[in-house]
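Read through the structure below, which is laid out as structure tokens, and then see the notes.
The values are calculated or read from the model by the stated rules, or taken from the named source; none is laboratory data. These numbers come from a predicted model, not from an experiment. Because the Cβ atoms are built from the backbone with ideal geometry, glycine has one as well, and the counts that use them run over all protein chains shown. Surface accessibility is based on the protein's heavy atoms, side chains included, excluding ligands, DNA and RNA. Shrake-Rupley method; radii C 1.70, N 1.55, O 1.52, S 1.80 Å.
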Amino acid sequence: QVQLVESGGGLVQAGGSLRLSCAASGRTFSNYCMGWFRQAPGKEREFVAAITWSGGSTRYADSVKGRFTISRDNAKNTVFLQMNSLKPEDTAVYYCATSQLVIADFPSAFSSWGQGTQVTVSS
């Protein structure tokens, strides 16, 4: 299995930026896609962004398009989420995950998950 560790979460004001990182270890060769999900209190876990193994294709939730950018560095087994123009609605625990699919946007397609990192956006 793959072990994932997120970092970079914190407290920012609305309009600010934050960069999340997720370091993967283990059998990463079996996980072609990496993605980010988030979960706010009382809400279902929702898809944020995903990227293929090559980094050639990305997918974003409508709510973050134009504001968030996902990228990866396979040499370092790391995926990033650059978050700009943050809104209070972005407040949630952010999780990174890996999938054996080329790319996916639903939780059940992802087999390994990190512990999450808290992102809080104040207004």
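Condition first: within 20 Å of Gln1 (Cα to Cα), of a type in the set (Lys, Arg) and open to solvent by 40 Å² or more (accessible area, probe 1.4 Å). Can you find one or more residues in the range 75-96 that meet it? Yes. Annotation: Phe37 fulfils all but one of (1) modelled with pLDDT of 95 or more; (2) open to solvent by 60 Å² or more (accessible area, probe 1.4 Å); the unmet one is (2).
Is it true that Leu101 is in contact (Cβ under 8 Å) with a residue 12 or more places away in the chain and either assigned to a loop (DSSP other than H, G, I, E, B) or open to solvent by 60 Å² or more (accessible area, probe 1.4 Å) (or both)? Answer is yes for this residue. Is one or more of the residues making up the range 105-117 out of contact with any Pro (no Cβ under 6 Å at 6 or more places or on another chain), open to solvent by less than 10 Å² (accessible area, probe 1.4 Å) and more than 18 Å from Ala24 (Cβ to Cβ)? No, the range 105-117 has no match at all.
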